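Notes to accompany the following structure.
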Amino acid sequence: NAGSGREMLAGLDNLTRFNADPQSRFYRRVDTGTVGTMGHSQGGGGAIEAARDPRVDTTVPLEPFLGNTAGLHGPAFFMSGENDNVISPASVRQKYDASGHVPAAYGDVANADHITPALDAGAFRGPITAWLRWHLMVDAIAKQQFVGDCAYCTSDVFTTYDANPRLDVY
């Protein structure tokens, strides 16, 4: 039941509380000012739902099932697997297409199936890391992977890579 996003937000609430508690091992060690959500399949839907919270800055739903993109307010990177026969790339693409109100990108990972992200993440790993470094750490090199003369625009990591106009100027 990870599709609601409630579990992710409960985790954020706990980390926020621990960060403020001098008795906690997390005291002043958690950057609650930069928060991202990410999940796979049903958890991808949960990542979308949790990203509607104003404390969340960005989201990376991997082959998401469910999730209402209407409430998104920050950048989103929707990823599908070319050979996913559980959550079709077309259904992930629909979520991306419905997210024109926020900066967003879509990547269909070549030769990936539904289980790929759950194992070692395969070719998902690099783009996920770059996206989160860009949006949570303001990494200018990571940003170049996604916009302008972007590396992923022509990379064989993706069978399809698209970024909406809002991302291009973000």
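The values are calculated or read from the model by the stated rules, or taken from the named source; none is laboratory data. Fair warning: this is a prediction, and the values are worked out from it, not measured in the lab. Cβ placement follows ideal geometry from the backbone for every residue including glycine, while neighbour counts extend to all protein chains displayed. The area values use the complete protein model at the heavy-atom level, side chains included, leaving out ligands, DNA and RNA. Shrake-Rupley method; radii C 1.70, N 1.55, O 1.52, S 1.80 Å.
From the list 85, 68, pick out the single residue that is closer than 21 Å to residue 158 by Cβ and open to solvent by 30 Å² or more (accessible area, probe 1.4 Å).
Just one listed residue meets the conditions, 85.
Which of (1) open to solvent by less than 30 Å² (accessible area, probe 1.4 Å); (2) more than 13 Å from residue 78 (Cα to Cα); (3) in contact (Cβ under 8 Å) with a residue 24 or more places away in the chain; (4) part of a helix (DSSP H, G or I) is the odd one out, the single condition residue 152 does not satisfy?
With respect to (1) open to solvent by less than 30 Å² (accessible area, probe 1.4 Å); (2) more than 13 Å from residue 78 (Cα to Cα); (3) in contact (Cβ under 8 Å) with a residue 24 or more places away in the chain; (4) part of a helix (DSSP H, G or I), residue 152 is out only on (4).
Quick check on the stretch 103-113: of everything there that is surrounded by 19 or more Cβ atoms within 10 Å (Cβ to Cβ) and in contact (Cβ under 8 Å) with a residue 40 or more places away in the chain, which residue is farthest from residue 160 (Cα to Cα)?
It comes out as 103.
Could you please find all residues in the stretch 25-76 being part of a helix (DSSP H, G or I) and either under 14 Å from the mean Cα position of the chain (by Cα) or without any contact (Cβ under 8 Å) to a residue 12 or more places away in the chain (or both)? Break it down stepwise before answering.
Start the filter on the stretch 25-76 by keeping residues that are part of a helix (DSSP H, G or I), which leaves 42-50, 69-71.
42, 43, 44, 45, 46, 47, 48, 49, 50, 69 - these are the residues of the stretch 25-76 that are part of a helix (DSSP H, G or I) and either under 14 Å from the mean Cα position of the chain (by Cα) or without any contact (Cβ under 8 Å) to a residue 12 or more places away in the chain (or both).
Please go through the stretch 156-170 and pick out each residue that is assigned to a loop (DSSP other than H, G, I, E, B), surrounded by 13 or more Cβ atoms within 10 Å (Cβ to Cβ) and either modelled with pLDDT under 95 or basic (Lys, Arg) (or both).
Hit for the stretch 156-170 is 170, nothing else.
Where residues in the stretch 1-23 are of a type in the set (A, V, I, L, M) and open to solvent by 50 Å² or more (accessible area, probe 1.4 Å), which of them is farthest from residue 64 (Cα to Cα)?
Step by step, filter the stretch 1-23, then rank; the result is 20.
Restricting to the stretch 124-147, count the residues that are open to solvent by less than 40 Å² (accessible area, probe 1.4 Å) and either assigned to a loop (DSSP other than H, G, I, E, B) or in contact with a Leu (Cβ under 9 Å, 6 or more places away or on another chain) (or both).
Qualifying residue count, the stretch 124-147: 6.
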